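The values are calculated or read from the model by the stated rules, or taken from the named source; none is laboratory data. Fair warning: this is a prediction, and the values are worked out from it, not measured in the lab. Because the Cβ atoms are built from the backbone with ideal geometry, glycine has one as well, and the counts that use them run over all protein chains shown.
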Amino acid sequence: MTSKKVLFLTRKWPPAVGGMETYCVEMAAGLKRHGFDIEVIALPGREGGGAPGTAALIDFGLRNGMRLLFQRHSGAVIFGGDLAVWPLVWAAAIGSDAQPVIAVHGTDISLAGRPDIKGRLFAAYLSLGRKMLPRLKVISNSHATAARVAARGFASVATVPLGCRVSDEKPDRNFARTLLFAGRLVTRKGLSWFVDAVLPQLPPEIRLAVAGTRWDASEDAALSHPRVDFLGPLSQPELHRKMAGALAVVIPNVQAGSHQFEGFGLIAAEASAAGGLVLASRLDGYETSVIDGETGTLLPPGDANAWITAIDDIVALSEDERERRKNRARVSARQHFNWHRTVSMTTEVFQ
């Protein structure tokens, strides 16, 4: 029997902007729509979209931890927004039959794999949390994230793919001969590899548009390629227009260090739901956020020939067949990657 009482604890909340903040807001609203009596204890971000500072995090943890220790939440679900808040989940659940549940997103578990002192300390922090919460249920956003969580010794791990919200925008028809790359410009996203190994082998009229934020200076050289157009950050509606209109949306992630990890790969689900043809590396969370052959195509990371062949196949499609493929991917993605389904699957874990 699922409890209808949920105490939701999170350090990721607007006005901060990010994937985890979106998850927490959508989850809180979705649980309420599902009829749950939900109380949210959240640490708001900074105006302008930044995450809270260290002092605010410490104050949030100490103030709420002490208060929760002296409250009882019998029969409730104590739901933590990410692994870092496990002490609050423990404080709220101790001494009662409350069910502790924590969502894991990839970034929080990958930090424990870093070889430096910060990574080792966080790994010890998670190990302590596992011991303090023996009845903990973990919700991971992909099979890849679940594997990493299980490797850390957590016993009860369920996979619940994320949802996405996509506006119905008219495709940008000027992008019909353009490939689109979207995301932060970090090495593991594979932009430089794609520009060096794949783009020069494609028909000369094919261009690559890059939408996102400069991050790693090592990726800047790729933006100077004569067939690359850097668009910078785009609004969601404009990004969706370009996803729908592009020849294909390419997500060419490459193998990186063990602590550099794509937990889910929301951009893939979002692109297919917007009506884009998605080509993504068979790597990390993309094996969950892309249903191979249905919402997109998974390709071997770093295999230039496989990527060139896949793109050439799309170039060879008639306009009608390309539109049929986009429509099939759009329908399937919206069925699989929507917040109603994500919340429903989450409530099943609560049982």
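Observations, loosely collected:
- Taking segment 68-88 as the range and being more than 27 Å from the chain's Cα centre (by Cα) and touching a residue at least 60 places away in the same chain (Cβ under 8 Å) as the test, the residues that pass are H73, G75, A76.
- Selection from segment 167-205 of residues that are buried (at least 17 other Cβ atoms within 10 Å of the Cβ) and aliphatic (A, V, I, L, M): L179, L180, A182, L185, V186, L191, V195, A197, V198, L199, L202
- Test: G275 is closer than 20 Å to H143 by Cβ, among the small types (G, A, S) and assigned by TED's automatic domain parsing to the domain that holds T187: no
- In summary, R11 fulfils each of the numbered conditions (1) under 17 Å from V343 (Cα atoms); (2) touching a residue at least 60 places away in the same chain (Cβ under 8 Å) with the single exception of condition (1).
- Hits in segment 253-274 (condition: surrounded by 24 or more Cβ atoms within 10 Å (Cβ to Cβ) and either free of Cβ contacts under 8 Å to residues at least 60 places away in the same chain or over 15 Å from the mean Cα position of the chain (by Cα) (or both)): A268, A274
- Condition check for E319: modelled with pLDDT under 95, surrounded by fewer than 21 Cβ atoms within 10 Å (Cβ to Cβ) and either of a type in the set (A, V, I, L, M) or under 22 Å from L239 (Cα atoms) (or both): yes
- Positions within segment 278-310 being free of Cβ contacts under 8 Å to residues at least 12 places away in the same chain and not aliphatic (A, V, I, L, M), in sequence order: D292, G293, D303, N305, T309
- Neighbours by Cβ (under 8 Å, 6+ apart or cross-chain): first from segment 189-215, in contact (Cβ under 8 Å) with a residue 60 or more places away in the chain; second of a type in the set (S, T, Y): G190/S281; I206/T178
- Scanning segment 246-259 for residues that are touching a Ser or Thr at 6+ places or on another chain (Cβ under 7 Å) and over 15 Å from L298 (Cα atoms) yields A246, L247, A256, H259.
- Enumerated helices (runs of 4 or more DSSP H) restricted to segment 102-197, each holding at least 2 residues that are among the aliphatic types (A, V, I, L, M) and in the same structural domain as I314 (by TED's automatic domain parsing): 191-197
- Test: residue in segment 89-106 that is under 17 Å from the mean Cα position of the chain (by Cα), without any contact (Cβ under 8 Å) to a residue 40 or more places away in the chain and under 24 Å from V343 (Cβ atoms): yes
- The residue that is farthest from I109 (Cα to Cα), counting only those in segment 205-246 that are in a strand (DSSP E or B) and among the basic types (K, R), is R207.
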